[in-house]
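Report on the following structure.
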Amino acid sequence: MIRRLGLAASLAICTVGAGRAVYADCAVFDQLEMLHVMQTRLARNPDTVLFQTDINQLQALSSTINSREVLEAIKGFNAPHIEVDFLRFIQNTRLLLQRASPEDPQTVRPHFDSETRQNLWRVGTHLNNTGCNAPQFSHGAPNTGEPPHDETDDGSDMQEVVETIRRIADKVLRPQTLLLFVLLGTSAPLAVTLFRRRQRAQRRRAKRHSVSYATQYMAGKHRNDGVLIDINCFGSKLRRGAENPLSQGENVQIEICDKWIGGTAMWSNAHYSGIKFHKPIPVADVESVCASKAPLKTKNGAPKDAVSH
């Protein structure tokens, strides 16, 4: 009997100790979980209303995540290649943000190849085994291992449903509500038509066109030669000489259709910069750039086979 009590006490101490260790790491797993949820959504279909929000949140979270903290958090988990999977996951997150344009969901599609999707799946499996339950991820509460207590029973649930249906029925049967339904029914086809027309216009403005448009740009007071590689109404990819770098966040003016268009460098590497226009340009200007047959300039030092962003 004494031996059994000692064994039970030992198991209880081990369980409490493990629970505290997991609880201490739940803040790190919370960040990883949010990164995983947003990237899984982008991998499934980036072209949603949440795209810009996901990219902005990924940028904010990625700037605070620390590889050393992640390695400390996963220490003790007996899973094959877990360290490699999480480090690759963090690296993939940063590569995604380098590639992504907040105005164009299509820029992230090439990122999610088969290898990246396999890494997402493996990281998701590891996160499910962390021991941090949903309340912990949301509020940092300790994991008790017990399901949440429900203070209601089937009878009270049914009563609430019946009361809700009754209130809805009272409102629907009012003359004002019936008149509203009639107006909505007659205006719905027009609303659908306008909505579809607006969608087509937005897709037309956001569609990215591959071009080769010789131009000039100014950063500060210096005017330099450059080439627009692609363009839509919201931004463009600028090829420039390595001797004229642009810093991320730097304001720039680009000559397009004899007009100077203001923008901001969202990313840059040795030869290329992604420019977001301060104001969308007209579709007609985009079409003029696409129709332009201006010869490609290479005297700015950017070779034709330079590595793209």
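Values in this text are rule-based calculations from the coordinates and carry no lab data. No experiment lies behind these values; they were computed from the predicted model shown. Backbone-built Cβ (ideal geometry, glycine too); neighbour counts: all protein chains shown.
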Put a dot 7 Å past each Cα toward the Cβ at Q52 and I65; how far apart are the dots in nm? 2.4 nm
With each label point set 7 Å from Cα along the Cα-Cβ vector, what nm distance links N129 and H222? 5.3 nm
Going by average Cβ neighbours within 10 Å, how do the peptides 66-72, 87-93 rank, with the highest at the top? 87-93, 66-72
Put a dot 7 Å past each Cα toward the Cβ at V192 and Q106; how far apart are the dots in nm? 2.8 nm
